[in-house]
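To start, the structure under review is shown below, and the notes come after it.
The values are calculated or read from the model by the stated rules, or taken from the named source; none is laboratory data. Bear in mind the structure is a predicted one, so any value in this text is a computation, not a measurement. Here the Cβ is made from the backbone with ideal geometry for all residues, glycine too, and neighbour counts use every protein chain on show.
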Amino acid sequence: MGTAGPGREGCMVFADIVGAENCITDPAGLRVYECDGLTGTRVRPAAVVLPATTDEVARCIVRAVELGMPIVPRGSGTGLSGGALPIVGALVIGTSRMRAILEVDIENQRMRVQPGVINLDISKHLAPLGYYYAPDPSSQSVCSIGGNVAENSGGAHCLKYGFTINHVVALTIVLASGEVVEIGSSVADPLGYDLTSAVIGSEGLLGIVTEVVVRFLRKPQATRTVFATFPSTDEAGEAVSQIISAGIVPAAIEMMDALAIEAIVASTHVDWPLDVGAALLMDVDGYAAEVEETADAAITILERIGALEIRNPHDESERALMWKGRKGAFAAMGRISPNYYVQDGVIPRSDIARVLREIAELSRRSGFRIANVFHAGDGNLHPLVLYDARSGDESERAEHVASEILQICIKYGGSITGEHGVGADKAAYMGEMFSDDDLETMHYVRCAFDATRTFNPTKVFPAPRICGDRAGVR
Amino acid sequence: MHAPASLEEASGLLHEFAAKRRTVGFTGADRSGGPLRVQVDETVSTRALAEIVEYVPTDQIVTVQAGMTVARLQGALREHKQRLALDPPAPERTTIGGAVASAGYGPLRTRYGTARDVIVGMTIVRADGTIARGGGKVVKNVAGFDIPKLMVGTYGTLAMVGTITFRLHPLPPASSDVVFPACDAAALRSLCATMTQAQLEPSAVYATFDATSYACDVRFEGFPAGVAAQREALLALAQRERSEDASLDDGHEAARTAGDVQVKITAAPSMLEDLHARAVAPLYRALGAAHAVVYPFVGAAFVSGDCTDVPRLLSALAAARAWAESAGGTLVTTEAPAAIRDAFDPWGAPPPSFALMRALKERFDPQRRLSPGGFVGGL
């Protein structure tokens, strides 16, 4: 982390608020903040501040607005759609120093935290008491709860348990005016409009969240993990459909194709077979007797569909290794390709096999290898387009192939993003999924919160819109 | 009363009302009432919008028009061994749109949450007549702002809810209710703590009040072995006498729908004894032919009955609201006769974020024509 050089104007402006050591304007220090997990695009911001309190955030916002600086909120910077990608001349407000757990209420299963608290640290804090926080994005050991709120993050286990929006009940948000507003409530059914739903998943366009009240859950009595391999993704996809159709609600059901398995095996110590077409990794959890019955029923289905091999981990460490393999799948691509482009799209679950065949055809046609890792239970695809940035125009062509995958998702009635967000990366596709009227309606929400478009002004929406005084009157 | 038969027709009507600056209210079940009683120039009913638009059982997704009743939808889903995990009272006459617009729920909230937790998409007709869509027809989707969830509980003050897309759940193959009579509020709270500690996962827990004590219904749903095991575990742990009642559905339904006064009070689950002593019991006593039910895991109570003594009821309502608000909760009169409504705001004190709510109303309904003044704080 860089520190401010003395006398630098940008830093002087915020140093009295956050302290000179928490204000970054030197080029070396700013380099760290030039991008988020969407590493192919970089923009140097004017300054980065790392406030510690809601009050400091509010004062930084007021001053940035006075100076006419756009503001880009940033959590841990793990987002994959460029939500925290800086904008030229912007102030980046990072929450990495806001890591306090403020209040834990076991009986009511609520916890109030600062936004920089790491997702997994919530569950770690609760583990000795037998509770946990359900949303588990693959980056959960480094991503922040504030970033999760901005992106409405999911994870493998959201099939059964839902997303951030189902587990956050109240927020403190600082608006462009510097006003600090409490929205939602720890208590059921707060009065009026559900502003919490508006803010969660708004990708940092409405304000900066400085406190989050999460709802946590009692740990399930039992969890059974099943790993199964198949000749091809067709059988694996069919198995997923039949398990769900049988009335089983797995906590998670993940699919990996041959290329993804190859990368995971190369990067971790899992001993998964390399001569298979696809693998499923499934968790069933709940009350022990229920888990036994449903897991056995699922295994019967896997056998009937023609699974090549079905494994049950022998102990918790083997189970943890299997999930580590799955959660490390994106990074594992580095073992089999110099570069990779992570796509995130959603299709109706029943179209999995058809869409995978279309993606395979796209791979053949384009010449790019495409690995598939995805949350099969809810049809959330993560195709990884493998390329070599050093070779000619491969970066651009790979990105084009990834965009064709989104067109396939739209064609099947799905979504251009299931959990990574629109950010800077997919704003151009919003117009293909939504009409101008749909986007105008979303824009009303933005204007109600941030009429001056101070926060993340270039993100999510495809074309600039202003917030007129009489929006909605035609 | 207008009853458009398509969203396009609804769009035309709202466009026309906008041009004429007519105020508009929306209704599902064609019954006047609810907390939002304001005089409007035009009423638009969804009764002719009552069909399933798309149902793909293998995807466990359904898109339904707002005017279909909850019972009819559940009937269609049951044929495919599925259900919408949302069980508002009076399903035979409550419409899906009404349940969504009023953020309605029933005992299944214990496990499945509210309408916002099962909605994945929505088509609305805006105040200016524009048809707009939010979300989609897949469970997982973070493209754009979540307009569908924002519309839940807005009582038609931001837009007309046209069609709604829900994620569905499998119909559980087995279900079993365990009923514990003669509980006081402390015993209810302790019973909940016992279940949580034992990692039991009831799908619904509610307790009906009979003037002296509560009877608590704990429902387990799922595959037969799991349901039986949880039931046995609960009976062993609770160490309470149980009754043979199959379920307390009737008592629950009465507490949610009977009488000319219906009140909802919320407070943290840990405040259950106070919720009873400061709100449920005094309101129960102040009403004629009263019923009450509490959802102990949710932290919500519903009291219903007849208004027989206006001054006494007003005083009980005021005291109960003062307590609820001081405890971080709310008290809402979802039904009340004019004598009560005129003297007692159905909603109570607007929340600290009220300015943002007003800004939203101004954007969605700049001419203030959709049930103006009827919602929280005169929204």
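Tabulated data
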{"quantity": "Sole residue being part of a loop (DSSP other than H, G, I, E, B), touching a Ser or Thr at 6+ places or on another chain (Cβ under 8 Å), in the same structural domain as residue B:92 (by TED's automatic domain parsing) and within 30 Å of residue B:339 (Cβ to Cβ), chosen from B:50, B:29", "calculated": "B:29"}
{"quantity": "Matching helices (runs of 4 or more DSSP H) fully within the range A:368-474 where at least 2 residues are away from every other protein chain (no Cβ under 12 Å)", "calculated": "A:394-411"}
{"quantity": "Residue within the range B:293-309 that is at pLDDT below 95 and either under 30 Å from residue B:204 (Cβ atoms) or within 14 Å of chain A (Cβ to nearest Cβ) (or both) present", "calculated": "no"}
{"quantity": "Any hit, the range A:199-217, residues being at negative phi, basic (Lys, Arg) and in contact with a Phe, Trp or Tyr (Cβ under 9 Å, 6 or more places away or on another chain)", "calculated": "yes"}
{"quantity": "Residue among A:379, A:367 that alone is on the phi > 0 side of the Ramachandran plot and either among the basic types (Lys, Arg) or in contact (Cβ under 8 Å) with a residue 12 or more places away in the chain (or both)", "calculated": "A:379"}
{"quantity": "Any strands (runs of 3 or more DSSP E) falling wholly within the range A:224-332 and containing at least 2 residues that are within 24 Å of the chain's Cα centre (by Cα)", "calculated": "A:252-257, A:278-286"}
{"quantity": "Selection from the range B:113-140 of residues that are more than 7 Å from every other protein chain (Cβ to nearest Cβ) and either within 13 Å of the chain's Cα centre (by Cα) or without any contact (Cβ under 8 Å) to a residue 60 or more places away in the chain (or both)", "calculated": "B:114, B:115, B:118, B:119, B:120, B:121, B:122, B:124, B:135"}
{"quantity": "Filtered residues of the range B:215-273 (kept if among the aromatic types (Phe, Trp, Tyr) and within 27 Å of the chain's Cα centre (by Cα))", "calculated": "B:220"}
{"quantity": "Cross-chain or 6+ apart pairs with Cβ under 8 Å, the range B:275-288 first and in the same structural domain as residue B:316 (by TED's automatic domain parsing), then of a type outside the set (A, V, I, L, M, F, W, C) and part of a helix (DSSP H, G or I)", "calculated": "B:286/B:312; B:286/B:315"}
{"quantity": "Matching residues in the range B:316-344 - criterion: being within 14 Å of chain A (Cβ to nearest Cβ) and buried (at least 18 other Cβ atoms within 10 Å of the Cβ)", "calculated": "B:321, B:323, B:324, B:327, B:329, B:330, B:331, B:332, B:333, B:334"}
{"quantity": "Residue count for the range B:232-248, restricted to those that are in a helix (DSSP H, G or I) and either modelled with pLDDT of 95 or more or surrounded by fewer than 16 Cβ atoms within 10 Å (Cβ to Cβ) (or both)", "calculated": "6"}
{"quantity": "Residues being of a type in the set (Gly, Ala, Ser) and out of contact with any strand residue (DSSP E or B) (no Cβ under 8 Å at 6 or more places or on another chain) - total across the range A:337-373", "calculated": "3"}
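For (1) buried (at least 23 other Cβ atoms within 10 Å of the Cβ); (2) part of a loop (DSSP other than H, G, I, E, B); (3) in contact with a Lys or Arg (Cβ under 8 Å, 6 or more places away or on another chain); (4) modelled with pLDDT of 95 or more, each residue gets a yes or a no:
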| residue | (1), (2), (3), (4) |
| --- | --- |
| B:54 | no, no, yes, yes |
| B:64 | yes, no, no, yes |
| B:72 | no, no, no, yes |
| B:75 | no, no, no, yes |
| B:97 | yes, no, no, yes |
| B:100 | yes, no, no, yes |
| B:122 | yes, no, yes, yes |
| B:141 | yes, yes, no, no |
